[in-house]
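K.L.:
Handing you a structure now.
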Amino acid sequence: TTKIIMDTDPGIDDAAAISVAINNPEIELELITTVAGNVTVDKTTKNAMKLVKFFNADIPVAGGAEQPLIKPFEDAARVHGESGMPGYDFGAEPTNIPVNNAVDVLYHTIMANDEPIVLVPTGSYTNIAVLLTEHPDVKTKIEKIVAMGGAIGMGNMTSAAEFNVFTDPHAAEILYKSGIPVVMVGLDVTMKALLTQSTLDTVKSLGKAGEMLGAIFNHYYEGNEGGIPMHDVNTLAYLLKPEMYKTIPYWIDVVTEGPANGETVADIRGAYHDGKTNAEVCVDIDADAFNAWFIEEVKKMNA
Ligand code: BDR
Ligand code: CA
């Protein structure tokens, strides 16, 4: 099994990624931390708690950063709805929302592990940047960071920038310069890994979990002709079935100002960083295999 920690901003695709992580027996989800992103952090935290409760799981949730390191916060409620996880009734709102202690909880959880752990951010990287800056000793305890975000040469917020990196580019810069191996799961693959209508129909028929996911997916305003992108789910898909992805090692720099603010720039020629690379970049995916894989994951879900 792989021990992971998810740092997340549910968010509809985050919710799907968390659902996979909770229910796949090969993944041991130790902790969920939350960050402001798709919606404000009180909402992303509540949403994470609702999912843990929905699956009767015993996974701690710690609330994190209310805003990016430097840039003013802008949410994506137009894509994910006001609550961030609309369209399904999860019952009573959680009341005992944890305070903003994600960085402390991350630090202590990671240090308490004998083996290095895998960090899986599916929101902006603010909590992780603060963790790495305030507690650099944690780095040896992180095997790798499998991060949704960025792209080589496209954006979904601007012509240059993807949402998670756009939201907190300074945090992304810290992550890519940390020296920890990063797997960049960006738009290059997530815009190809579209759930087709036929997959959605199947998912909806798969019990209570499928019904819940189907209901929130209906509210995802990012539909394309070929289906809806499941950006964050690709982090789990990569961990569980890396053979679905083609990756290339590149050096990635992050733009933190100007019209390309939030762009992840790959040294495609491998010419400018002394032959060094800092990320394994996902560049292609087998979308049919992804659809089939996702259906199998939903079948494993026990709600
Ligand atoms: C990313 O932005 C968010 O809206 C999604 O949850 C995903 O993490 C895609 O650009
Ligand atoms: Ca997300």
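K.L.:
If I model a spin label as a point 7 Å beyond the Cα along the Cα-Cβ vector, how far apart are those points for ASP114 and ALA77 in nm?
P.N.:
Between ASP114 and ALA77, the label points sit 4.7 nm apart.
K.L.:
Please tell me which of these pairs span more than 23 angstrom C-alpha to C-alpha: LYS43/LYS241; LYS3/LYS208; LYS3/LYS144; LYS192/LYS276?
P.N.:
LYS43/LYS241; LYS3/LYS208; LYS192/LYS276
K.L.:
Something else now. Among the aspartates and glutamates, select those whose C-alpha is under 20 Å from the C-alpha of LYS177, and discard any that sit fewer than 8 residues away in the same chain.
P.N.:
ASP7, GLU134, ASP137, GLU143, GLU162, ASP168, ASP253, GLU257, GLU263, ASP267, ASP274, GLU280
K.L.:
Right, next: Net charge around HIS273, counting only other residues with Cβ within less than 14 Å of its Cβ (Lys, Arg = +1; Asp, Glu = -1)? Mind dumping the intermediate values first?
P.N.:
Working: positive: LYS177, ARG269, LYS276; negative: ASP253, ASP267, ASP274.
Computed value for this residue: 0.
K.L.:
Follow-up. Rounded to the nearest 500, what is the chain's calculated 222 nm mean residue ellipticity when only DSSP H runs of at least 4 contribute -39500 (n - 2.57) each, over all residues?
P.N.:
-10000 deg cm²/dmol
K.L.:
Still on this structure, please answer the following. What is the sum of charges around ASP232, taking Lys and Arg as +1, Asp and Glu as -1, for the other residues whose C-beta is under 10 Å from the C-beta of ASP232?
P.N.:
That sum, taken over residues with Cβ under 10 Å, equals -3.
K.L.:
Let me ask something additional. Just to be sure I understand: of the beta bridges DSSP finds with both ends in the chain, what percent are antiparallel, rounded to 5? Don't skip to the end; give the middle numbers.
P.N.:
On the way: 12 of 36 bridges.
Of those bridges, close to 35 percent are antiparallel.
K.L.:
Continuing with the same structure: Region 99-164 to region 213-268: how many Å between their Cα centroids?
P.N.:
Region 99-164 and region 213-268 have Cα centres separated by 15 Å.
Every number here is computed from the coordinates shown, using simple stated rules; none is lab data. Predicted model, so just to flag it, every value in this text is computed and none were measured. Cβ: placed from backbone, ideal geometry, glycine included. Neighbour counts: every protein chain shown.
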